[in-house]
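Read the figures in this text as sums done on the coordinates, not as results from a lab. Small disclaimer: the values here were computed from a predicted structure and weren't measured. When we count neighbours, we look across all protein chains shown, and the Cβ atoms used for this are built from the backbone with ideal geometry, even at glycine.
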Amino acid sequence: MTHALATLFVGLLTTYLGIGATFAVPFVVRGVDRIDPMARGAGWGFRLLIAPGATVFWPLLLVRWTSGPAEPPVETNAHRRQARRRT
């Protein structure tokens with residue numbers, strides 16, 4: 001039972017990382033420019049650094065990549081509300 005469970009776990013992990021590595025190549029080449037405007041024009045050193053993270057976090061990055069660029073929402077806190085009232 002334990003051997004079968006370990007084999008299943010390793011198989012699922014291998015599949016997940018295989019899909020992630022396959023995803024990481026086009027993402028590092030083109031996708032990162034689409035979801036992060038600050039990454040445009042970044043060199044290959046930067047792209048090699050983010051490749052392992054793209055391999056692991058591929059589901060999240062795939063959703064961000066397919067949904068297109070989005071600006072982060074403006075933070076709303078007491079200081080910003082007070083500053084808006086004064087103007």
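Brief remarks on what is shown
- Each residue of the stretch 51-58 was assigned a 3J(HN,Hα) from its phi angle through the Karplus curve 6.51 cos²θ - 1.76 cosθ + 1.60 (θ = phi - 60°); the sequence is 4, x, x, 5, 5, 7, 9, 4 Hz, with glycine and proline shown as x.
- Label separation (Val29 vs Val56): 2.5 nm, computed from points 7 Å beyond Cα along the C-beta direction.
- Taking a ≥ b ≥ c as the square roots of the eigenvalues of the Cα gyration tensor, the stretch 2-71 is classed as prolate, since a/c reaches at least 1.5 and a/b is larger than b/c.
- Inter-probe distance in nm under a simple model that places probes 7 Å from Cα toward Cβ, at Val10 and Gln82: 6.0 nm
- Charge-dipole axis of the chain as Lys and Arg at +1 and Asp and Glu at -1 on Cβ define it, positive-most pick from Val29, Ala83, Trp58: Ala83
- Percentage relative contact order, the chain, counting C-alpha pairs under 8 Å, at least six apart: 33 percent
- In terms of the mean number of neighbouring beta-carbon atoms within 10 Å, the peptides 39-49, 73-83, 18-28 order highest first as 18-28, 39-49, 73-83.
- Where a label projected 7 Å from the Cα of Leu48 along Cα→Cβ would reach, residues of the stretch 21-37 with amide N under 18 Å: 24-30
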